[in-house]
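> I'd like to ask you about the structure that follows.
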Amino acid sequence: MKLFTHIKQLILAEKNPSGLRRGKALGEINAIQDAWMLTDDDLIKDFGLMNTLPDYITKASISNYQEVDCSDKLIMPCFADSHTHLVFDAPREQEFVDKINGLSYDQIAERGGGILQSADKLNQASEQDLYNKAITRIREIMLTGTGAVEIKSGYGLCVEGELKMLRVIQQLKQNIAIPIRSTFLGAHAIPAIYKHNKEGYLNLILNEMLPNIAAEGLADFMDVFCETNYFTPSETEILLEAGYKYGLKPKIHVNQFTSIGGIDSAVKHNALSVDHLEVMRKEDFFQLANSDVIATLLPGCSLFLNIPFAPARQMIENNIGIALASDFNPGSAPSGNMQLVVALACMRMKMLPEEAIVAASINGACAMQLENTTGTITPGKKANFIISRPVSSLAFLPYAFGSNHVEQLFINGVAQL
Ligand code: NIG
Ligand code: FE
């Protein structure tokens, strides 16, 4: 058993946690000042105020516990990054330079860059090589506090390529300590050989990819890039319905560049989350406000592509449940640093530090259906949490952006760093 003592603030310390936080509740961090926390093996066992350490702890022989002094440090749930594409073969920094020189995301895609370029590269790479690169990225995001992550396919765009990506994610699930969820994103773009035969590609997804993925149990969720020049709302609906037949709940890319009715489709199909939402119409707010669909916002993508930031404040006012995620991918957000995501949410989307932390932890866990095991400091949940470096307050984290404030990451009660 490990006893963490003199914790400056124990964040999201909740004996009976609720699930998704929205509206006013998004800003409630339920912090205990000067706290202790006990973990037993892989689980959180108990917590309280330092000046009320219970008898069962004070009377026990000190050798029963391994004490960790957390003076001046915060303990909080790890970041739950519910949207990444971190299995890819190669970065695309040439596009970064192209963008500096004035090309848009669309123009880059038209010139054969973008998602299709990542697909070409991935299809030439070996499963082992992709695995090695992905594991390096996961170790890197753990350094900045990520303790649960969702990873999408979508750079295969052919049966073998999509299966290869999902098998890599399967391997990662087996070998990495942090919980991982996998999402099938065959409908990420239309591959070059189907350029004039979109229906043919849709049929490939429906008749070849999905049945094979389901047979191997390779995906937890289903994603579609519902966007002008990619997949329409009605195509999205066909795909989501097919995913449901294999038990895959939808988490979809929508309203990144244009609002074309994809939110309506997602709400109708009871999606777990709708992700991006940089461009919102009035009716989009209304539909989300009256649903349990989580709005997953990706400020790293807005920063990198220089597109609008999602209107988080308006969403909070409309009682929409918000999660924050990194979108870590080689084209639109080449960073999986959730501390940066939280800082951007504060600086550019006017989220309060408390709101951003809740959106990046428990609400992110909800967007992966992991809220029963992680996302809050709760007895019985996994002992998955961050110990910060000595800091003056919670707000210092996004305020002093660009520094790594994570000193240690515990997963299943074991220090990882
Ligand atoms: O979430 N928008 C679609 N997909 C990714 C970008 C993928 C890429 O450019 O490689 C995103 O932004
Ligand atoms: Fe994405």
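> Could you pull out every one of the aspartates and glutamates with an alpha carbon less than 16 Å from that of Lys198, ignoring same-chain neighbours closer than 8 positions?
Glu208, Glu227, Glu235, Glu237
> So in the stretch 79-366, what percent of DSSP beta bridges are antiparallel if you round to the nearest 5? Walk me through the numbers before you get to the answer.
Details: 1 of 26 bridges.
In the stretch 79-366, DSSP labels about 5 percent of beta bridges as antiparallel.
> Another question, if that's okay. Restricting to Cα pairs below 8 Å that are 6+ residues apart, what does the relative contact order work out to for the stretch 79-366? Please round to a whole percent. Mind dumping the intermediate values first?
Values: 576 pairs, mean separation 53.9, N = 288.
Normalised by residue count, the contact order of the stretch 79-366 is 19 percent.
> Rounded, prolate or oblate, given the Cα gyration tensor of the stretch 79-366, with a/c below 1.5 counting as rounded? If you can, show how the numbers build up before the last one.
Numbers: a/c = 1.28, a/b = 1.17, b/c = 1.09.
Judged from the Cα gyration tensor, the stretch 79-366 comes out rounded (a/c under 1.5).
> Next question, about the same structure. Antiparallel DSSP bridges in the stretch 1-105: what percent, to the nearest 5?
Numbers: 12 of 18 bridges.
So the antiparallel bridges amount to about 65 percent of the total.
> For Lys382, give me every one of the lysines with a C-alpha distance below 19 angstrom, ignoring sequence neighbours fewer than eight places off in its own chain.
Lys2, Lys15, Lys45, Lys173
> Among the lysines, select those whose C-alpha is under 24 Å from the C-alpha of Lys195, and discard any that sit fewer than 8 residues away in the same chain.
Within reach: Lys121, Lys152, Lys164.
> Can you check what the net charge comes to around Gly413, using other residues whose Cβ is under 10 Å from the Cβ of Gly413 (Lys, Arg +1; Asp, Glu -1)?
Numbers: positive: Lys2, Lys45, Lys382; negative: Asp40, Asp41, Asp42.
Combined, the nearby Lys, Arg, Asp and Glu give 0.
> Could you give the length gained by full extension between Lys198 and Glu160, i.e. 0.36 nm per residue of separation minus their alpha carbon distance, to one decimal place?
Details: separation 38, 0.36 × 38 = 13.68 nm, distance 1.86 nm.
Net length gain for the segment: 11.8 nm.
> Once the Cβ-Cβ distance between Asp46 and Asn132 is put in as r, and R0 is 25 Å, what FRET efficiency do you end up with, to the nearest 0.05? Let's see the in-between values first.
Values: r = 40 Å, r/R0 = 1.60.
Efficiency, from the Cβ-Cβ distance: 0.05.
> If you don't mind, another one. Can you give the relative contact order of the stretch 108-243 as a percent, counting alpha carbon pairs under 8 Å and 6+ residues apart? The partial results should precede the final answer.
Values: 170 pairs, mean separation 30.9, N = 136.
Relative contact order of the stretch 108-243: 23 percent.
> May I ask you to list the GluC sites (Glu not before Pro) in the stretch 5-77 that are in a DSSP loop and have at most 16 other Cβ atoms within 10 Å of their Cβ?
Glu28
Where a number appears in this text, it was derived from the coordinates with a stated rule and is not lab data. Please read these numbers as outputs of a predicted model, since none were measured by experiment. Note that we place each Cβ from the backbone using ideal geometry, even for glycine, and neighbour counts take in every protein chain shown.
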